[in-house]
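A quick write-up on the structure given underneath.
The values are calculated or read from the model by the stated rules, or taken from the named source; none is laboratory data. Values in this document were obtained by computation on a predicted structure and should not be read as measured data. When we count neighbours, we look across all protein chains shown, and the Cβ atoms used for this are built from the backbone with ideal geometry, even at glycine. In case anyone asks, the SASA skips ligands and DNA or RNA and just uses the protein heavy atoms, side chains included. Shrake-Rupley method; radii C 1.70, N 1.55, O 1.52, S 1.80 Å.
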Amino acid sequence: MTLLNRFQHALSESISLKKRFAADQGEKVVAAALMLAEALQGGGKIMLFGNGGSAADAQHLAAEFVNRFQIERPPLAALALTTDTSILTAIANDYDFREVFAKQVKALGRPGDVAWGLSTSGASANVAEALSAARELGLKTLALSGGDGGPVAAQADIALVAPSHSTPRIQEVHITIGHVLCDLVDFLLFPEKFGE
């Protein structure tokens, strides 16, 4: 296989998975956008969390909400629970790595908030634990997952699952859907900013 063929194969796989996801889960994406917009409109916040590349996606998407996405609008309340190394390492050291997000959700989460967990495998124990803690506190829960969804999807009110076992392809779906959700939330909250 030539380099050009590998490049074309990678893009073809990514496009195919996104098309399959869009065909099967479009209504769930709309439901997720409505849930996020309702939380923000009601004075709630979005807490995002994940590991590795999913941690980077959590931070990326939190920045899109707090700063701006594509339109000029007020900042929206979102934070990534992946950024405070003192909190993360204290919890992991004193308790267990499974608790690094759950303890933050318990400390910061309030009914009306959304806990948004990201896991390419769907098996991240600390993400599932945080979503479970959020549900116990009366928060809404959203998951971006992969494979068959795993324990992470099982803990979410809405689970958006990229049906693949290829980590890069799942991550490509996740960030695309994250961007789509940013756009839909802006459209729901600030319709006057959008043309016909």
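Normalised Debye scattering of the range 114-196 at q = 0.19 Å⁻¹ gives log10 I(q)/I(0) of -0.78, counting only Cα atoms as equal scatterers and leaving out solvent.
Using the rule -39500 (n - 2.57) for each DSSP H run of four or more residues, divided by the residues of the chain, the 222 nm mean residue ellipticity is -18500 deg cm²/dmol.
Note on ASP24: accessible area approximately 110 square angstrom, rounded to 10, probe 1.4 Å, nucleic acids and ligands left out.
Please compute the length gained on full extension between TYR95 and VAL30, using 0.36 nm multiplied by the number of residues separating them and subtracting their Cα-Cα distance.
Numbers: separation 65, 0.36 × 65 = 23.40 nm, distance 3.74 nm.
Going from the current span to full extension adds 19.7 nm.
Computed over the chain, the Cα gyration tensor eigenvalues convert (square root of 5λ each) into semi-axes of 26, 23, 15 Å, ordered from largest to smallest.
A dipole drawn for the chain from +1 and -1 charges on Cβ atoms has a positive end, and of PRO111, LEU88, LEU76 the residue lying farthest that way is LEU88. Summary of the geometry: the range 43-111 and the range 114-148, compared by the centres of their Cα atoms, lie 12 Å apart. Looking at the chain, the accessible area is 49 square angstrom per residue; that uses a 1.4 Å probe and ignores ligands, DNA and RNA.
Modelled spin-label separation between ARG20 and ASP84, with each label point placed 7 Å from Cα along the Cα-to-Cβ direction: 4.0 nm. Applied to the range 129-136, the Karplus parametrisation 6.51 cos²θ - 1.76 cosθ + 1.60 on θ = phi - 60° returns per-residue 3J(HN,Hα) values of 4, 5, 5, 4, 4, 4, 5, 4 Hz, with x for Gly and Pro. Using the Cβ-Cβ distance between ASN67 and ARG6 with R0 set to 30 Å, the FRET efficiency works out to roughly 0.25.
Projecting label points 7 angstrom from Cα along Cα→Cβ for VAL180 and GLU192 puts them 2.9 nm apart. Taking amide H atoms as placed 1.01 Å from N in the peptide plane, the amide H of SER164 lies under 5 Å from those of GLY147, each 5 or more residues away in sequence or on another chain.
Can you compute the FRET efficiency between HIS165 and LEU108 using 1/(1 + (r/R0)^6), with r the Cβ-Cβ distance and R0 = 45 Å? Round to the nearest 0.05. Intermediate results must be reported in sequence, preceding the final value.
Values: r = 33 Å, r/R0 = 0.73.
Given R0 = 45 Å and the Cβ-Cβ separation, E is 0.85.
By accessible area, using a 1.4 Å probe on protein heavy atoms only, the chain has 55% of its surface on carbon and sulfur. Using the Karplus relation 6.51 cos²θ - 1.76 cosθ + 1.60 with θ = phi - 60°, the per-residue 3J(HN,Hα) values for the range 32-41 come to 5, 4, 4, 4, 5, 5, 4, 4, 5, 5 Hz, with x marking Gly and Pro. Dipole magnitude for the range 1-152: computed about the Cα centre from +1 point charges on Lys and Arg Cβ and -1 point charges on Asp and Glu Cβ, it is near 300 debye.
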